[in-house]
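Down below is the structure, laid out as structure tokens.
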Amino acid sequence: MERRNFIKNSIGAGIAIGFGLKTGIAGNLSKIKKDTYDMVAIKGGEAEDMFEKGIASLGGMKSFVKPNQTVVIKPNIAWDTPPENGANTNPKLVYQIVKQCYDAGAKKVYVFDNTCNNWQKCYKNSGIEDAVKKAGGLIVTGKDGGMYQEVELKNAKKLYKTKIHELILSSDVFINVPVLKDHSSTTVSCAMKNLMGIVWDRNYYHKNGLSQCIADCPTYRKPDLNIVDAYRVMKTNGPRGISPDNCITMKAQLISTDIIAIDTAAVQLFGMNPVDISYLSKGQSNGLGTMDLKSLNINRLSI
């Protein structure tokens, strides 16, 4: 009971921070009104409904996907566990994203992850495979080494070269859809951490400076859009997702093109100080985005 109260209180503080109280990320964000938003923060609805409302405030999916383009979507599908355990991206959110890509005129929409557990079981038991197929998307394995190509990361500080899945290299649009959760190695897992699932050799990260490698990977190709699933958030014992008791239902979502800004906001939503998550400052130093959320125009929505 004490642990549950701690989780509840921590998440409650995160929600307050994330959605506009005086001490939070959105308390005094936009002194000068802009015509467009840098980020959308949504709370209070179902995952698919929050995305529909949030993406509309950014001009709709047609602002990111053009007719006849190919799209690759990278959710977190790493673990063989059901949705209620909070380890993988919400399948209802993935369904809605795939559907809206096709509605925007996409030619093909691919979904994959280089999973930690058996990929067929992860895809099935996460509910994501079924969701993708129902929306007309194409589910692709991330466990075929022949689908990865070696690339050089010229601006990297540790990850100088790596093998990246060919769909990331060839698709017109790259959409990153992480789930916000606790992680034993990085404290918090979100948008930048989710990109470990686009490379073939994750072990290199752990042996050569995990945080710096996480910050180096997006220097090759940043996602065109990041959508953080914070509907059901695992607060302890991450990242595997061993029990729903480790989770709290937050019903929140973040959308932005800036991978550093969205992770900064997500870390605060989680109830932590972004300064304590080292890959964020390293990513900012790599020119991937900004941690200065006060400089951004953030649209805060409720359902």
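The table below lists the values:
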item: Residues that are touching a helix residue (DSSP H, G or I) at 6+ places or on another chain (Cβ under 9 Å), in contact (Cβ under 8 Å) with a residue 60 or more places away in the chain and either closer than 21 Å to K108 by Cβ or crowded, with 19+ Cβ neighbours inside 10 Å (or both), drawn from segment 48-72; result: M50, F51, I55, F64, V65, Q69, T70, V71, V72
item: Unmet requirement for K222, which otherwise passes all of (1) in contact (Cβ under 8 Å) with a residue 40 or more places away in the chain; (2) part of a loop (DSSP other than H, G, I, E, B); (3) within 22 Å of K143 (Cβ to Cβ); result: (3)
item: Residue check, R221 within 18 Å of D80 (Cβ to Cβ) and of a type in the set (D, E, K, R); result: no
item: V109 vs. criteria over 26 Å from V233 (Cα atoms), at pLDDT 95 or above and surrounded by 24 or more Cβ atoms within 10 Å (Cβ to Cβ); result: yes
item: Condition check for V188: among the β-branched types (V, I, T) and farther than 18 Å from L159 by Cα; result: yes
item: Members of segment 244-280 found to be buried (at least 19 other Cβ atoms within 10 Å of the Cβ) and hydroxyl-bearing (S, T, Y), listed by number; result: S256, T264, Y279
item: Yes/no for K158 being outside any strand (DSSP E or B), among the basic types (K, R), at pLDDT 95 or above and more than 21 Å from P218 (Cα to Cα); result: no
item: Criterion: outside any helix (DSSP H, G or I) and of a type in the set (G, A, S) - qualifying residue of G146, G142; result: G142
item: Criterion violated by W119 - all others in (1) surrounded by fewer than 17 Cβ atoms within 10 Å (Cβ to Cβ); (2) in contact with a Ser or Thr (Cβ under 9 Å, 6 or more places away or on another chain); (3) hydrophobic (A, V, I, L, M, F, W, C) satisfied; result: (1)
item: Residue in segment 192-203 that is surrounded by fewer than 21 Cβ atoms within 10 Å (Cβ to Cβ) and in contact (Cβ under 8 Å) with a residue 40 or more places away in the chain present; result: yes
item: Selection count, segment 169-208, where residues are of a type in the set (S, T, Y), in contact with a strand residue (DSSP E or B) (Cβ under 7 Å, 6 or more places away or on another chain) and within 14 Å of V267 (Cα to Cα); result: 1
item: Per-region count, segment 171-187, residues more than 15 Å from T89 (Cα to Cα) and among the hydrophobic types (A, V, I, L, M, F, W, C); result: 2
item: Residue among G283, G241, G287 that alone is part of a loop (DSSP other than H, G, I, E, B) and either free of Cβ contacts under 8 Å to residues at least 12 places away in the same chain or crowded, with 24+ Cβ neighbours inside 10 Å (or both); result: G241
item: Conditions (1) more than 24 Å from N88 (Cα to Cα); (2) at pLDDT 95 or above; (3) surrounded by fewer than 16 Cβ atoms within 10 Å (Cβ to Cβ): number failed by L153; result: (3)
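The values are calculated or read from the model by the stated rules, or taken from the named source; none is laboratory data. Worth saying up front: this structure is predicted, and the values here are computed from it rather than measured. Every residue, glycine among them, receives a Cβ derived from its backbone with ideal geometry; neighbour counts consider all protein chains shown.
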